[in-house]
Amino acid sequence: MKKLIIAGLSLCAAQFSFAAANPLSVHVLNLETGLPSSNVEVTLEEQIKGKWVQISQSKTNENGRITALYPENKNFHQGLYKVTFKTGDWFKTQKQDTFFPEIPVIFEVKGTVPHYHIPLLLSPYGYSTYRGN
């Protein structure tokens, strides 16, 4: 039992250190309720030779977060990236209409900071985003 607990703690620590080391995270908050938005599908694309290429996809956790959106096996480098929040699908699960079925956020990585965080403040008919930390 003791070995099982130690193994579990080691696994949690490894996942936490990867999440802290991952260069990209997102967070979705519902402005209407003031609560995190869980199970929002989010895709990450990189612009390569003028075309968007999907490199990652995940869903927000119970806290409305994806702590490690950038693929573990890929080097993070300068360039244009696009995070797309699939809000239409999420609002359908909430039995609400929305004006924004998807919210794309295009941003440029210049290599000046080691981590980028993109929060999305969401309501059915409006949204706001910014570069967080």
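The values are calculated or read from the model by the stated rules, or taken from the named source; none is laboratory data. What you are looking at is a predicted structure, and each value in this text was computed from that prediction instead of being measured. Heads up, the Cβs are rebuilt from the backbone with ideal geometry, glycines too, and the neighbour counts pull from every protein chain shown. These accessible areas exclude ligands, DNA and RNA; they are computed on the full protein's heavy atoms, side chains included. Shrake-Rupley method; radii C 1.70, N 1.55, O 1.52, S 1.80 Å.
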Which value, in Å² rounded to 10, gives the accessible area of L35 with a 1.4 Å probe and all protein chains present?
-> 100 Å²
Could you order peptides 60-69, 99-108 by the average number of other Cβ atoms within 10 Å of their residues, highest first?
-> 60-69, 99-108
Go through segment 62-76 residue by residue and turn each phi into a ³J(HN,Hα) via Karplus (6.51, -1.76, 1.60, θ = phi - 60°); whole Hz please, and just put x for glycine and proline.
-> 5, 9, x, 10, 10, 7, 9, 7, 6, x, 5, 8, 10, 7, 7
In vacuo Debye sum over C-alpha of segment 44-106, base-10 log of normalised intensity I(q)/I(0) at q = 0.17, 0.22, 0.29 Å⁻¹, listed in q order, is -0.69, -1.00, -1.31
N61 to I106: FRET efficiency via 1/(1 + (r/R0)^6), r the Cβ-Cβ distance, R0 22 Å, to the nearest 0.05?
-> 0.35
Hey, what do the phi angles of segment 37-53 turn into as Karplus ³J(HN,Hα) couplings, whole Hz, using 6.51/-1.76/1.60 and θ = phi - 60°, x for Gly and Pro?
-> 9, 8, 6, 8, 6, 9, 10, 10, 10, 10, 7, 10, 6, x, 10, 7, 10
